[in-house]
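Following: one structure in structure tokens, then a few remarks.
The values are calculated or read from the model by the stated rules, or taken from the named source; none is laboratory data. The model shown is predicted, which means the values in this text are computed figures rather than measured ones. Neighbour counts run over all protein chains shown; Cβ positions are idealised from the backbone, glycine included. The accessibility values were calculated without ligands, DNA or RNA, using every heavy atom of the protein model including side chains. Shrake-Rupley method; radii C 1.70, N 1.55, O 1.52, S 1.80 Å.
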Amino acid sequence: MAIVLALALAPFAFAASATIDVEVNKPGAPIAPTFYGLMTEEINHSYDGGLFAELIQNRTFQDPKPKDAAAGDVPIHWSLVQEGSDAKLAVDRSDPVTPALPLSLRLDLAGNRAGAANDGYWGIPVRPRTKYVASFYAKGSKGFTGPVTAAIVTDDGGVTVARADSPAVSNEWKKYTLDLQTDDDAPTTAKAKFVLFASGKGAVSFSLVSLFPPTYMDTPSGLRPDLMKLMSDLHPAFIRLPGGNYVEGSTFETRFNWKQMIGPAEQRPGHMGCWSYRSSDGFGMPQYLLWCRQLHAEPVLALFAGYVLNRDHVDAGAKMQPYVDEAVEEIEYVSGPADSTWGRRRAEDGFPEPFALHYVEIGNEDWFDRSGSYDGRFTQMFDAIRARYPKLKIIATAPVKNRTPDLYDDHYYRSAVAMANDSGHYDPGDHGPLRFAGGHFNGTFDRTGPQYFIGEWASEEGRPTPDLNAALGDAAWLMGLERNADIIPMECYAPLLVNVNEADSARGYPKAWQWGTNLIGYDAMSAFGSPSYYAQAMLGQNKGDVVLPTKLSMAEPATNTAPPPPHGAIGIGSWHTDAEYKDIVVTSADGTRLLDADAAALSAANFMHGKWKVDGNTVRSGSTTAETWAILGDPKWTDYTITLKARKIAGDEGFLVLYHAIDGDDLMWWNIGGWRNTKTQIEDRHGGSRAIGQPSSFVVQPDKWYDLRVEIKDRHARCFIDDKLVSEADEPVTQPGRRLFASAVYVNASQEVIVKIVNMADEPVTAAIKLRGVAEVKPQAVAIVLSGAPKDVNTVQQPTKVAPKREPFTTAAASIERTLAPHSLTLLRLTATPAAP
């Protein structure tokens, strides 16, 4: 059912007309009910500070402080407020509530009122007429027996907008739950804090402090309503959980240990996540299942498989067996009867009925494991799961030989143009031998072999949420996946969620997000869907039952023009790594020195994020939590050589050396010790990310100066470390590619043809849409259109700047003409009865 295309386009020239033929009475592959799904993990504060509605950040006082934070015993996100000057607030390591909560927070009083204040996730959201539920463990000491007042207090003026008092506090740990209610005249603001006040003398200690606003479906300790509504409108059939890299963790100690994420909150110790912040694990396995239940979606369960992100692993055999047993037990927790060992634990967590489970995934992105152990680990886990659960479909995350998986998980992160131009990736035809390309398969796909789960993908344009151009690339790609439904039963975009708050330099807090392009954005007060969100909502809400063969043809456009020679400035950077650079020199092909980066030149650089510091001819990125780079020089530079010295201070990766940099998103870079310091390779970053050339196994050692050299001639780059050639690649020629994409599906129940068209061109296109093989077409129809400028984005301030519009019309027929707006996604719902074949 491949779309047949006949086009050859100039970069900005476009045919004014096109014809789209749809064969209505020749249905193709059925589209699986599971096709559209969701995926996220604990990244960008997706759970803590996002979907999990808890408002208290660092509720168990265990979050690590930033490295440059002031020393002291007051945990991060907490502060002392007092009337007077003698009260004290400090972490107490004695007499914990439970072994999972080793710390408490002790408030020593000095006769006046004092309190422990929490600033939340970039603020505590306040709204009029809103009920909040606060809870905390407390105990008195040194004679304190008074009540504790829980209050929400504004930053401006210190106005208390809601409060409630506990009963008298005893000298034993006890949990207190209080309701707080704001009045009609309460402000609407996130500039507020939550405070636990006490008065008098003595001391009072707190543990597991919590504050919940109203939640989705009013579920205790539940999920954030606005995010759930946005996700519900995507009509997901499944949720791939718990991720992502979050499954693996950075180390074995910090992997996703699901057994520590069940039961009451006071039994969950939390753990350090793999995206630079700690997970409270308040959002644990029961919350994952709640998420699925409330969205009427099935879980696709990703299982820890013996490999972690620091490249440590266990080999198949005795050392792997505990993780195999753990995975089988996790499956029972999700899908076992309530009288089974782990099904009983699920029932105790509030879910007596088993969850439907049809797919499990062994590991995540195991192509990063260079030890070759995945085949053995997969085999051992596959055999155990298949023996216990023979009907489960098992997904592999990298090529395996000893067992045949039911599906492979392919991942793609590219520019919008690259995604759109590759929308025929899975189309039938001879595309050469099938081979694994590091993240996904390329070539000719066997239509009878393992199927493909497209478990992570995105057009990477726009930060921290995608722009309209990315949305159109996403739509074209997604239409291509849907067209190949015979081998693709499931797909999900990633990452799904992003807290869009920027860094708070006054308090030393980093920005809330770690990944560049994400589907749904939010802050403490509100949430919004990106243009890509709306494109996917349009497609998810208009999913058909079967694919209809579609042919797109276009008039011949203007003559193509040769692409300009590559050019651009240079730069340095890092990814979650504190790195230092010095002696940066750029020399032209004729030997002219273009740049000798002294303090003045470095200070004048265009710094993108991070906390860069210049000291003479040395510059330091200064952050282990940010993706940051600095651009120097003239964007008109062509052939040149870059020399510099680089040293890693701390962090996950190594160095970035930029060349042919037009701006912060349009550039090439040499990624040294990238991918969590597992390899070194050149990347094409012209509007997205694509590794090119052969990867090197070179990794970066800390506290060592390296001599780096990059030689650029036309499109060819040769990259040296300590005079040894390490990386080499040709910069791809930017092709204008296709600008018009079309597909069609049929909905059996309503007898509707849904024609889906993406126009990525700068000009409108007049399309003749012809429904072949129809007995009748009703005149009443609907068009749904998403359009705007390609760089348009939605924000907290303008949440629907780019949003779809419905346009009913009454002129539908077997042959209609439609003008497609520039930079648009158009869906046409046409009621049509197929003719006899």
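Computed values, structure above
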| read-out | value |
| --- | --- |
| Label point distance in nm, Gln181-Gln694, each placed 7 Å from Cα along Cα→Cβ | 7.3 |
| Local net charge near Ala420, Cβ-Cβ under 11 Å (Lys/Arg +1, Asp/Glu -1) | +1 |
| Residue among Phe206, Ala458, Ile572 farthest towards the positive dipole end of the chain, charges placed on Cβ | Phe206 |
| For the stretch 163-173, 3J(HN,Hα) per residue [Karplus equation, 6.51 cos²θ - 1.76 cosθ + 1.60, θ = phi - 60°, Hz, x = Gly/Pro] | 7, 7, 10, 7, x, 4, 8, 8, 8, 10, 4 |
| Calculated FRET value between Arg293 and Lys131, using beta carbons and R₀ = 22 Å, to 0.05 | 0.40 |
| Tensor-based shape of the stretch 124-231 (alpha-carbon gyration tensor, a/c under 1.5 rounded, otherwise prolate or oblate) | oblate |
| Charge-dipole axis of the stretch 89-163 as Lys and Arg at +1 and Asp and Glu at -1 on Cβ define it, positive-most pick from Val161, Trp122, Gly111 | Val161 |
| Accessible area, probe 1.4 Å, largest first, for residues Trp477, Trp612 | Trp612, Trp477 |
| Ranked packing of 376-382, 586-592, most packed first, by mean Cβ within 10 Å | 376-382, 586-592 |
| Estimated [θ] at 222 nm from DSSP helical runs (n ≥ 4, -39500 (n - 2.57)) normalised by residues in the chain, nearest 500 | -3500 deg cm²/dmol |
| Distance (nanometres) between label positions extended 7 Å along Cα→Cβ at Asp663 and Asp590 | 3.2 |
| Computed E for Asn606/Asp165 - FRET, C-beta separation, R0 51 angstrom, nearest 0.05 | 0.40 |
| Accessible surface of the chain [probe 1.4 Å, protein heavy atoms]: carbon and sulfur percent | 50 |
| Prolate/oblate/rounded label for the stretch 596-664 (Cα gyration tensor, a/c 1.5) | prolate |
| Point-to-point label distance, Lys704-Asp598, nm (Cα→Cβ direction, 7 Å offset) | 3.3 |
| Stretchable slack from Gln267 to Thr811, in nm (0.36 nm times residue separation minus alpha-carbon distance) | 189.5 nm |
| Folded to 0 to 90 degrees: helix 321-335 orientation relative to the chain principal axis, Cα | 90 |
| Nonlocal amide H pairs with Tyr509, under 5 Å, H built at 1.01 Å | Asp504 |
| Euclidean distance between Cα centres, the stretch 92-136 to the stretch 223-244, Å | 30 |
| Cα-based shape type of the stretch 462-590, given that a ≥ b ≥ c are square roots of the gyration tensor eigenvalues and the cut on a/c is 1.5 | oblate |
| Accessible solvent surface per residue of the chain, calculated while the other protein chains remain in place, 1.4 angstrom probe, Å² | 38 |
| At R0 = 41 Å, FRET efficiency that the Cβ-Cβ distance of Ala836 and His431 yields, to 0.05 | 0.70 |
| Neighbourhood charge, 10 Å Cβ-Cβ cut-off, centred on Ile721 and excluding it, Lys, Arg +1 and Asp, Glu -1 | -1 |
| Test item: Cα-centred dipole of the chain, Lys/Arg +1 and Asp/Glu -1 on Cβ, debye | 860 |
| Principal-axis tilt of helix 531-540 within the chain, Cα atoms, nearest 10 degrees | 70 |
| Residue-level accessible surface for Lys175, protein heavy atoms, 1.4 Å, Å² | 100 |
| For Ala783, net neighbour charge (Lys/Arg +1, Asp/Glu -1) across residues whose Cβ lies under 10 Å away | +3 |
| Degrees between helix 285-295 axis and first principal axis of the chain (Cα, 0 to 90, nearest 10) | 50 |
| Full-stretch length increase - Thr404, Asp714 - with 0.36 nm per residue and alpha-carbon distance subtracted | 107.1 nm |
